[in-house]
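Trainee: Structure below; questions to follow.
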Amino acid sequence: MMAWVHPGIVIALGGLLIPFIPWRIVKQAYFLMLPLAGLALLVLTSSGMFGAIPAFPESFRPFSLPFLDYTLHPVRIHNLSLLFAYVYVVAAFCMNIYALGVKNDWEHTAAMIYVGSALGAVFAGDLLTLFFCLEIMSWAPFFLLLFRGTKKAMGAAIRYVLWHHFSGVCILAGILMHIHATGSLEFGLMPWGWGSQYLGYHLMILGFVINAATTPFHSWLSDSYSEATPSGSIYMTAYTTKTAIFCLILTFPGVPLLMWMGAIQAVFALFLAVLENDGRRLCSYHIISQIGYMVAGVGMGTHMGLNGAASHALCHIIYNALLYMGAGCALVVAGTAKFDRLGGLYKYMPISFWLYMVGGFSISGFPLFNGFVSKTMTIEAAELIHNRPIYLLLEGATVGTFLHTGLKLPWNIWLQGRTEPPPEVRFRLKDSAVNTPVHMLAAMGILAFLCIFLGVYPKILYDMLPYPVEFVPFTLTRVFSITQMFIFTFLGFWVLRKLVKGYPGYVLDTDWLVRIPGDYLLRFCTGPLQRMGACLDRIGERAADRIVHTLRNPETEAALNPSLAGAGILAALILFVFFIARHL
Amino acid sequence: MHRLRVYPKRLFWRVYWAALAVSLILDGVWLYSHAVHYHFKFQYFPEFFALFGFIGCMLLILIAKGMGLFIVKEEDYYEKRSKQGNRVK
């Protein structure tokens, strides 16, 4: 039997070579081949070439490594990790096609390291390998943000890294406390409770929840994803949050807190999306909202809920990349994704409009699109545990999702009831119906095909899920109720369409609670604190000067007066305080 | 050279109103003939999903607009703040 080759290592290390390939066409071909090589390895793995893959809770571990007193399992393969790995490489292939026009090769490298480390995380069999991969994952997008080159993107990049290092530290602390308590490195089911003995698990779940952008820790997502390069942001939509969902499914299924957080998150993000003026920020809020379904599914902990979370993560990666690509097209072609500066683009970009709409229908959960077959599973799970508030929150989020991604965004970018775009956008467009670069349309086309294919033929998705699926999506009840709901959502939108028009502005988010105190702290440090330091410095220097002057001069030594002695004692005290403070 | 077209407005509205009318009628028919099976009692309320979609959508927009009075600021809100902070220094 052959030794197993890690697709993540192939993609990440292969990505490092991209800038050194001399011919552009070879470079592009190589860039596209990387995820295909990963896909080939995955197909061979699931066909049992390297060893049989047992049913879900069991797993296949190709090798282990000794580390201090422990044994590391850098690789553990089961249905769930294969499901995530498949969608990661397929999405990476489409994203690479979309990014073919990017001139900066290092952006490709950063993206491939990001994809590779995400694969490393889903295949991780022990907690230290997982932590190592999550740390690489928190650095790679930093560069995708930095390469945008704007000052705003730089700020967003630093905030992104700060958030993720905070979550990383929480996860590491949790892991260390877990190892201390149990002596096990196994990346699997963790205990949960409210006592102080569970502190490590609370920290671990906090880390995962921040990575999954769960309310109130979601602001890093909308802040950073909308500032990255047009193609870089597509990669960012897929990996970090979905890997966090993967970790939650494995470690904390059935924690009721997650169910409530997820359902609230699904709705809360929609309120902010109503006010949003930037296409990519709007899509970011929809990532947050959709992740709410997955977190809620994990929190329910039933087989249906966990299957719903896993299948929704898969479908979400596909349609969300498509949505981001649609908004990215507007950014690339028209130079902005702000609603108040767009409208009437349909005439010049109809293909991107229709491909975007496939994504819009998918995320809303229209029958025959992939969101329908996965989202309804989570909603059904809420119905089966007879939890009315959770059901109403999740169903309400469906209405809001259709309102924004299915109606508000396409209306504001492509239509707005006019046939020509504003003049400052019009002069950038050719007199042609194909203004979007062809490789971008090709990437969107593949993803749109996948959205419809999985929506029409969900069996292929259901067969890959960790638990056996006893769920029939296409029942009269479900198809009819959701269709009727959307028809009337449109009516509500049409009545209030003037209110959802884009207005220039910045929507404050929960990060205001961190950024404003942080701002005041900085002001305090650069203002009063520095002045106080300078003042203390001056006093100390003067006192020292006088002491030195006195001691060096034998004439004044005799005339040592009480005020000088006082100054000397004060200086000695100040020095003593500094000494103590330094050594505390 | 591709022909430039405007979006199919008239066709859309015809299909839309037809679908709306059909869905209203079908809801009654299916509830009456017990063809649909829901989990909660309130879902059996006539035209529940139509009302849920319409009212939910309106509420979402109106509440959010109310929130917007407090949380929507000028586009470079944070940049301006940090500049002011520097000036203080």
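The values are calculated or read from the model by the stated rules, or taken from the named source; none is laboratory data. Keep in mind that what you see is a predicted model, and the values were worked out from it rather than measured. Heads up, the Cβs are rebuilt from the backbone with ideal geometry, glycines too, and the neighbour counts pull from every protein chain shown.
Trainee: Can you tell me which of (1) closer than 30 Å to B:G28 by Cα; (2) surrounded by fewer than 16 Cβ atoms within 10 Å (Cβ to Cβ); (3) of a type outside the set (A, V, I, L, M) is the one A:G492 doesn't meet?
Mentor: (2)
Trainee: With the structure loaded, tell me whether A:L83 is of a type in the set (A, V, I, L, M, F, W, C) and more than 26 Å from A:K459 (Cα to Cα) or whether it fails that test.
Mentor: no
Trainee: To continue, here is another question. Do you know which residues across segment A:517-526 are closer than 27 Å to A:R280 by Cβ and more than 8 Å from chain B (Cβ to nearest Cβ)?
Mentor: A:G518
Listed here are the residues, each with its yes/no results for (1) at the interface with chain B (Cβ under 7 Å from one of its Cβ atoms); (2) in contact (Cβ under 8 Å) with a residue 60 or more places away in the chain; (3) charged (D, E, K, R).
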{"position": "A:Y467", "(1), (2), (3)": "no, yes, no"}
{"position": "A:V472", "(1), (2), (3)": "no, no, no"}
{"position": "A:T477", "(1), (2), (3)": "yes, no, no"}
{"position": "A:F480", "(1), (2), (3)": "yes, no, no"}
{"position": "A:Q484", "(1), (2), (3)": "yes, no, no"}
{"position": "A:T489", "(1), (2), (3)": "yes, yes, no"}
{"position": "A:K498", "(1), (2), (3)": "no, no, yes"}
{"position": "A:Y506", "(1), (2), (3)": "yes, no, no"}
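Trainee: For A:V26, indicate whether it is more than 18 Å from A:G120 (Cα to Cα), out of contact with any helix residue (DSSP H, G or I) (no Cβ under 7 Å at 6 or more places or on another chain) and surrounded by fewer than 14 Cβ atoms within 10 Å (Cβ to Cβ).
Mentor: yes
Trainee: Taking only pairs six or more apart or across chains, which ones have beta-carbon atoms under 8 Å, a first residue in segment B:26-43 that is within 16 Å of A:T475 (Cα to Cα), and a second residue that is acidic (D, E) and not in a helix (DSSP H, G or I)?
Mentor: Going by the 8 Å Cβ cut-off, the qualifying pairs are B:D27/B:E47.
Trainee: So which residues in segment A:55-85 are farther than 16 Å from A:W4 by Cα and of a type outside the set (A, V, I, L, M, F, W, C)?
Mentor: Correct list: A:P57, A:E58, A:P66, A:D69, A:Y70, A:T71, A:N79.
Trainee: Can you go through A:F453, A:F493, A:F449, A:F486 and tell me which one is part of a helix (DSSP H, G or I) and in contact with a Lys or Arg (Cβ under 9 Å, 6 or more places away or on another chain)?
Mentor: A:F493
Trainee: Does A:G371 satisfy the criteria of being surrounded by 23 or more Cβ atoms within 10 Å (Cβ to Cβ) and either within 13 Å of chain B (Cβ to nearest Cβ) or among the acidic types (D, E) (or both)?
Mentor: no
Trainee: Please state which of the following conditions A:F268 fails to meet, knowing it meets all the rest: (1) within 14 Å of chain B (Cβ to nearest Cβ); (2) farther than 25 Å from A:I390 by Cα.
Mentor: Here A:F268 meets the rest and fails (2).
Trainee: Mind telling me which of the residues B:G53, B:G66 ends up being at pLDDT 90 or above and either in contact with a Pro (Cβ under 8 Å, 6 or more places away or on another chain) or facing another protein chain (nearest Cβ under 8 Å) (or both)?
Mentor: Being at pLDDT 90 or above and either in contact with a Pro (Cβ under 8 Å, 6 or more places away or on another chain) or facing another protein chain (nearest Cβ under 8 Å) (or both) holds for just one of B:G53, B:G66, which is B:G53.
Trainee: Which of the residues spanning segment A:318-338 are in contact with a Lys or Arg (Cβ under 7 Å, 6 or more places away or on another chain) and within 13 Å of chain B (Cβ to nearest Cβ)?
Mentor: Within segment A:318-338, no residue meets the criteria.
Trainee: Now for a different question. Scan segment A:130-152 residue by residue and report those that are part of a helix (DSSP H, G or I) and within 14 Å of chain B (Cβ to nearest Cβ).
Mentor: Listed by number, the residues that qualify are A:K151, A:K152.
Trainee: Just to be sure I understand, how many residues within segment A:430-459 are farther than 18 Å from A:L323 by Cβ and out of contact with any helix residue (DSSP H, G or I) (no Cβ under 7 Å at 6 or more places or on another chain)?
Mentor: Looking only at that region, the number is 7.
Trainee: Looking at (1) among the β-branched types (V, I, T); (2) within 17 Å of A:L119 (Cβ to Cβ); (3) surrounded by fewer than 15 Cβ atoms within 10 Å (Cβ to Cβ), can you tell me which one A:I9 breaks?
Mentor: That leaves (3) as the condition not met.
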